[in-house]
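K.L.:
Before I ask anything, here is the structure I am working with.
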Amino acid sequence: MAVEPPTKRKCLGADCDNDAGSLQCPKCLSLDIKDSFFCSQDCFKRNWSTHKSLHKQENSILSRIFPPRVISKPDPDTGFYNPFPTFNYTGPLRPVYPLSPRREVPKSIPYPDYADDGIPKYGRSMGRPNKIELLDAKAQNAMRKVCRLAREVLDIAAAALRPGITTDEIDEIVHNACIERNSYPSPLNYNHFPKSVCTSVNEVICHGIPDKRVLLDGDIVNLDVTLYHEGYHGDLNETYYVGDKAKADPDTVRVTETARECLEEAIKLVKPGTLIREFGNVIEKHAKSKGCSVIRTYVGHGINSIFHCPPNIPHYAKNKAIGECKPGMTFTIEPMIALGKYRDVTWPDNWTSTTIDGKKTAQFEHTLLVTETGVEILTARKADSPGGPLVPETEKPQTAVESLTAKTEKLETVESSNAEAEKTE
C-alpha cells in the first residue's frame, strides 16, 4: 500500500507562507506545546509580540482545573463566604461564594469543541498556524446572525440591571436567553470558566465570575456576552451604570464614557489596508487626553467559528502587532480603560483581573467585519438598546423651550443695559 509523503510544516509567522525550518520556540518547548516551528530567527522575532500570548493561555489551563485550597468559613446566617480570605485585594470588591451549580445546556443545541472538557481544540495553541481567516459570503451571513442574537441577549441582561440584583442572577438571565435562541453561551467551560457571562464590577478589568454579590447604587458593571450559534461565535460587551449615584460621580462617568469613545475612535479606522497596530495608537491617545490609562495585558481578537483566533488586537500605543485589515476578516476591538495605573492583578480564581490600584475601569466591545469599503459593526446597538452614552449636563443640547427662554433672558439683559446707559447719558 502506498503511503502519502508527510506534509511539510508551515511557519507559524503571521502572513508568512514559507515552510518551517527546525527552529522551535524555546518557551513552547518548556510548556510542551508541540509543532511551534518558524522559518527563521528573524521571522520568530517579528512575531514574538503576538506569539507569546499562547504561553499565558496554555500555562493557565492546568491552574484553572484545580480549585484554590484556602477558603473562609460560611456566614452562619447566609451561608456566603469569601473563598480567598488571605488574598491581598487591590480594591474594596470581594467575591461572594458559593457559586451556583453549573447551568445545563440542552443536548439539542450544538456545542463548541471545548464544552465537555473545557479545553479549546483550535486557536492559538496546539501548533495551529497563526493565519487570519477571511470569511466567504456564507460565513459572513452566519456571523451577522450570531452577532444579532448576541446583541439581543446583552440587551435583555442590561435591562435587568438595578441595585439589589446579583451577578449570578444576571448569569441566569443570559444563560436562559441563549438557550431560547438555540445558542450555547460561549464562555461556559471555556478553559473551565464556570459561568455563561463575564460580569466585571468596578475595579474588575475583565473575566469577572458571576456570584452572590449584590450590585449597589454607584457601581458600574461590564457584561461580556458571547453566543455560539450554528457554528460561529458573536462577542460584545458594554459597561453600565448601576443606579443614579454612578451617573452622578464624575470619575465614574469619565472612565466609562472614555472607554466608549475609545472604541468608537478605533472603529473609525477599520477598512482594508489599515494596520492592526494602528488601533492602539488612537485608543491610547484619546484615553490619555481624558486622564485615563489603557490596560495592556488583554487584547481584542479574531473571531469566527473559533472563539479566540488571530489576529491579536492590542489597545495600547506603539505595539508590535503584525498584519493589516482585509475584506472578510472578523475580529473584536475591546479597549479596557482605567482611572489609575494600567497594570493588573488576577485573583486566585485565575480569572478575575483587577486594576493594581483598585481604581475603576470600564470596557466596550464590538465584533467587526471588514468590508470592501470599510467596516460593518455586527454587534451594533439598536435604537432601543439599554444604556448608551451619558451626556454631561453642560453638554446636553437645549430643548426648544430652553433655547427660547435663554434668548429671551439674553434680550432682556441687553435691553436693561441699554436703558441704564441712556440714563447715564
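K.L.:
Starting from the 7 Å offset along Cα-to-Cβ, what nm value, one decimal, do you get for the label separation of E264 and K45?
P.N.:
Label-label distance for E264 and K45, simple model: 4.2 nm.
K.L.:
Suppose each label sits 7 Å from its Cα in the direction of the beta carbon; what would the D75-R94 distance come out to in nanometres?
P.N.:
0.9 nm
K.L.:
When Lys and Arg each count +1 and Asp and Glu each count -1, what net charge do the other residues less than 14 Å away from T355, Cβ to Cβ, add up to?
P.N.:
Surrounding charge for T355 is +1.
K.L.:
Where does each of R46, R148 land when they are ordered by accessible area, with a 1.4 Å probe and the largest first?
P.N.:
Details: R46 140, R148 120 Å².
Sorted descending by solvent-accessible area, the residues read R46, R148.
K.L.:
With Cβ to Cβ distances under 12 Å as the rule, what net charge do the other residues near L215 carry (K, R +1; D, E -1)?
P.N.:
On the way: positive: R162, K212, R213, K245; negative: D168, E169, D211, D217, D219.
Every neighbour counted, the sum reads -1.
K.L.:
For the charge dipole of the stretch 266-334, defined by +1 on Lys and Arg C-beta atoms and -1 on Asp and Glu C-beta atoms about the Cα centroid, which residue among I283, T332, I322 has the Cα displaced farthest towards the positive pole?
P.N.:
Looking along the dipole axis, the top candidate is I283.
K.L.:
Give me the percent of the accessible area of the stretch 246-376 that comes from carbon and sulfur atoms, probe 1.4 Å, all protein chains in place. Spell out each step's value before the answer.
P.N.:
Details: 2350 of 4750 Å².
C and S fraction of accessible area: 49 percent.
K.L.:
Still on this structure, I have one more. Quick one: net charge of N82's neighbours, Cβ under 13 Å, K/R +1, D/E -1?
P.N.:
Working: positive: K73, R94, K212, R213; negative: D75, D211, D349.
With Lys, Arg at +1 and Asp, Glu at -1, the net is +1.
K.L.:
Moving on to the next point. Based on Cα positions only, what radius of gyration and what Dmax would you give for the stretch 259-312, in angstroms?
P.N.:
12.1, 38
K.L.:
So, with +1 on the Cβ of K and R and -1 on the Cβ of D and E, and no other charges, what is the size of the charge dipole of the stretch 155-272 about its Cα centre, to the nearest 20 debye?
P.N.:
In total the dipole reaches around 120 debye.
K.L.:
Subtracting the Cα-Cα distance from 0.36 nm times the residue separation, let me have the gained length for I109 to L23 in nm, one decimal.
P.N.:
26.7 nm
The values are calculated or read from the model by the stated rules, or taken from the named source; none is laboratory data. Treat the numbers as computed from the prediction; the structure is a model and nothing was measured. Every residue, glycine among them, receives a Cβ derived from its backbone with ideal geometry; neighbour counts consider all protein chains shown. In case anyone asks, the SASA skips ligands and DNA or RNA and just uses the protein heavy atoms, side chains included. Shrake-Rupley method; radii C 1.70, N 1.55, O 1.52, S 1.80 Å.
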